[in-house]
1. Starting from one equal scatterer on each C-alpha and no solvent at all, send me the Debye-based log10 I(q)/I(0) for the range 124-209 at q = 0.11, 0.14, 0.16, 0.20 Å⁻¹, two decimals.
2. Would you please give the FRET efficiency between residue 49 and residue 144, computed as 1/(1 + (r/R0)^6) with r the Cβ-Cβ distance and R0 = 35 Å, to the nearest 0.05?
3. Could you work out how much longer the chain between residue 137 and residue 74 gets when fully extended? Use 0.36 nm per residue separation minus the Cα distance between them, nm to one decimal.
4. With just the Cα atoms defining each centre, how far is the range 74-102 from the range 148-209? Give it in Å.
5. What are the semi-axes of the equivalent ellipsoid for the range 41-170, taken as the square roots of 5 times the Cα gyration tensor eigenvalues, largest first, in whole Å?
6. For residue 124 and residue 203 in the same chain, what is the full-extension length gain: residue separation times 0.36 nm, less their Cα-Cα distance, in nm?
7. Say R0 is 41 Å: what FRET efficiency, to the nearest 0.05, do residue 64 and residue 172 get from their beta-carbon distance?
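Derivation of every value follows stated rules applied to the coordinates shown; laboratory data play no part. From a predicted model like this one, the values you see are computed outputs, not experimental measurements. All Cβ positions, glycine included, derive from the backbone under ideal geometry; neighbour counts span all protein chains shown.
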């Protein structure tokens, strides 16, 4: 319980220090060029296929992926901005579509990685952005454990965390007593009309369990 309380306190300090990211005219293109005009009829067909994703949303990358829809190759190419993409899955679109459209989808890797693609209503792909830190493997290794989570709240704020416990190993891959440390890496962001704007990664030390 003390460790959990400290984690909540550390996250509070980190989040309190996260200033809003500059949302001026400069747009980070992520994994696609921006702006890029896609096939509007193709995009409209895809959007009719996708449900609205209720917020808040939380996703633990070690758990089963949330309910999703399989994308055809052309649909995956639209959301990823990658003309060589072959397949993927999407969770849906975020609720507010008054100015832009945010498609929440999962990129295939060792685990399903959450991504957001932001489109203008005219069909321009503004930005593709990953919502994770990406320093955890999908499995624990000797002397190393890592839990990776991502959440989006009702105000379109993103919180990604990697909670890590690591120790030195001896030649038998057994933890060396007294060498273990715990910490949490935190990444915050805001989903805007120009795409997702992410902060630098911050780190807070945690007490050993």
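1. After summing over all Cα pairs, the log10 values are -0.40, -0.58, -0.70, -0.92.
2. Details: r = 40 Å, r/R0 = 1.14.
With a Förster radius of 35 Å, E is 0.30.
3. Details: separation 63, 0.36 × 63 = 22.68 nm, distance 2.92 nm.
Residue separation times 0.36 nm, minus the Cα-Cα distance, leaves 19.8 nm.
4. 27 Å
5. Details: eigenvalues 178, 52, 27 Å².
Semi-axes (√(5λ), whole Å): 30, 16, 12.
6. On the way: separation 79, 0.36 × 79 = 28.44 nm, distance 3.55 nm.
Extending this stretch completely gives an extra 24.9 nm.
7. Working: r = 34 Å, r/R0 = 0.82.
So the FRET efficiency works out to roughly 0.75.
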